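The values are calculated or read from the model by the stated rules, or taken from the named source; none is laboratory data. This one's a predicted model, so the numbers in the text were calculated from it and none came from an experiment. Reconstructed Cβ throughout: ideal geometry from the backbone, glycine too, with neighbour counts over all protein chains shown. SASA here: full protein model, heavy atoms, side chains in, ligands and nucleic acids out. Shrake-Rupley method; radii C 1.70, N 1.55, O 1.52, S 1.80 Å.
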Amino acid sequence: ETDARDANIMQIAKYINGMTPEKAVDNLLQMDDQDIIDVLRAVEDIAKKTNKPSSVAYWFSLMPAKRAADIQRKMANKPASLP
């Protein structure tokens, strides 16, 4: 079940990465915070693996400030697993 969720999150990250920033943020904002965090971490992972810049910081700038801050706070309180 975890593997299926990880695969789904990675696929969503690929879709979101292919959208315009505004559309990507609109879609992200419809998700719950934990799903957003998982997708953003997957986007960061894709950027790292492909040696390309990540759009995550820009997407945060397009989000309502309170929602972006809440998501960032949650990300800071539960850091991603280290390889």
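Can you name every residue in the range 49-83 that is at pLDDT 95 or above, within 16 Å of residue 35 (Cβ to Cβ) and small (Gly, Ala, Ser)?
Correct list: 68 only.
Which ones in the range 10-35 are assigned to a helix (DSSP H, G or I) and of a type in the set (S, T, N, Q)?
Result: 11, 17, 27, 34.
Quick check on my filter: what residues within the range 33-44 are at pLDDT 95 or above and open to solvent by 50 Å² or more (accessible area, probe 1.4 Å)?
41, 44
Considering the range 46-79 alone, what residues qualify as being open to solvent by less than 50 Å² (accessible area, probe 1.4 Å) and closer than 17 Å to residue 10 by Cα?
46, 47, 54, 55, 56
Would a scan of the range 40-50 turn up a residue that is in contact with a Phe, Trp or Tyr (Cβ under 6 Å, 6 or more places away or on another chain) and of a type in the set (A, V, I, L, M, F, W, C)?
Among the residues of the range 40-50, not one is in contact with a Phe, Trp or Tyr (Cβ under 6 Å, 6 or more places away or on another chain) and of a type in the set (A, V, I, L, M, F, W, C), which makes the answer no.
Restricting to the range 30-58, give me the number of residues that are under 20 Å from residue 77 (Cα atoms), among the hydrophobic types (A, V, I, L, M, F, W, C) and touching a residue at least 24 places away in the same chain (Cβ under 8 Å).
6
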